[in-house]
Amino acid sequence: MGELFKEKIMLNKMKYIYMVIGLVCIFIIPGNSFAQTVVDANTFINLYKNTISSVVTVIVEAEGEGPSKFINNLPPNSPFNKLFKDNGSNTIPKTIGKGSGYIVSEDGLIYTNHHVLYGTTDEKPNMKVIEIIIVWHDNTFRNATIVASDPVADVAILQITKEGDEKFQALTFADSDLVTPGTMVAAIGTPLDHPFSITTGIISGIGRPTGQGIWVKMLQTDAVINRGNSGGPLFNIKGEIIGMNTMIMSPSGYFIGIGYAVPSNTIIEVASILLSEGKVIRPWIGVQLSNLSDDFKTRFNINLDQEAVIFLNLKLDGPAAKSGMQSYDIILKWNGEDVDSEKIINEISTSKPGDKYTLLVRRIIDFENNIYEDIEIELIIGVMPPQGLK
């Protein structure tokens, strides 16, 4: 009986040893198999130290052209002079905006969001930017000028006004196509007037739509970002930029766990075009597309195995409308070939403004009585407006 008891004890010990070894393997194997940078207590401390000299606060001052004209035209005895004039000189209404940015070249190029610079002026077109100030974590500051900006991708480029031949520490980009949900990240910026704050988290999702069609798909993160983080960098744990913090989804206006960043590859592509061309020109037809349901196909005598697309919500001033298209037109052929909505989107994305396509269209004359006619329309690709698809 004693020997049997000893054997049971030995078996339990062996099970415990195997369990411990198994647990050790669980922690060791993933680290070896992924071959990623080791994360420890100093990972984000070192990231902050190594990158903070390249992260800046962007302060934008704008003034109103419309209000200033109103003030200048006030009669001498107007009671409004007491409100808008001080010691005989005009007091022009001004607004101050604040966001974040980061240095991408030793010559002083800065990337930030378009809406950091133009948020006020986009909402109030009579406002104009009069000064941009860049501030570092050590309270050093410089002025900056706007090089170029793209509202669709929400990317803007600034140039620091240098003193002499000074050089700046630049950040590097990582390939955002390699980013996956679960990737550890850190955001640095100036949220809610708390300058140079760092928050950490993970990538929660990729390829999130933003209402700009195929042109901009966002990275989703749970790293805390708020107003003022816009334009700041989203880093991987190596301190490389994988995105630019841009917006949050929130009914309150404050972070609730869903933030969005423009992927680094989109930033690089758009910035390259802005630096060489001054603006990004995108093809556009001004419609929404939908694949046709089987019920709709049956109703208007289209074979169920035939691909077809319906045009919805045509912009009245858009290229499709100007080419003679109407809402609810059914596209049977695109340059003689069957198409679905994905094929049309890909075709348009690779085209240039001015390109022409021949469409075979089934136009609904009377929906209730299933009356239609087939017509041929030449569609001319146009240029997407500055505000994009919004």
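As an exercise, use a Förster radius of 35 Å and the Cβ-Cβ distance of ILE45 and ILE345 to find the FRET efficiency, rounded to the nearest 0.05. After rounding, the FRET efficiency stands at 0.20. Computed from point charges on the beta carbon alone (+1 for Lys and Arg, -1 for Asp and Glu), the dipole magnitude for region 227-363 about its Cα centre is near 460 Debye.
As a calculated quantity, the FRET efficiency between GLN326 and GLU131 at R0 = 51 Å, using C-beta atoms, amounts to about 0.60. For an R0 of 22 angstrom, estimate the FRET efficiency from the Cβ-Cβ distance between PHE296 and GLU378 and round to the nearest 0.05. That gives a FRET efficiency of 0.30. Maximal additional length on extending the GLU337-ILE146 stretch stands at 64.2 nm, based on 0.36 nm per residue less the C-alpha distance. Going from the fewest other Cβ atoms within 10 Å to the most, the residues ARG208, ARG142, ARG282 appear in the order ARG208, ARG142, ARG282. Measuring against 28 Å, Cα to Cα, the residue pairs LYS128/LYS352; LYS167/LYS352; LYS98/LYS162; LYS238/LYS352 contain LYS128/LYS352; LYS167/LYS352; LYS238/LYS352 as the ones spanning a longer distance.
All of the numbers you see were taken from the coordinates with simple rules; none came from a lab. Nothing here was measured: the structure is a model prediction, and the numbers come from that model. Because the Cβ atoms are built from the backbone with ideal geometry, glycine has one as well, and the counts that use them run over all protein chains shown.
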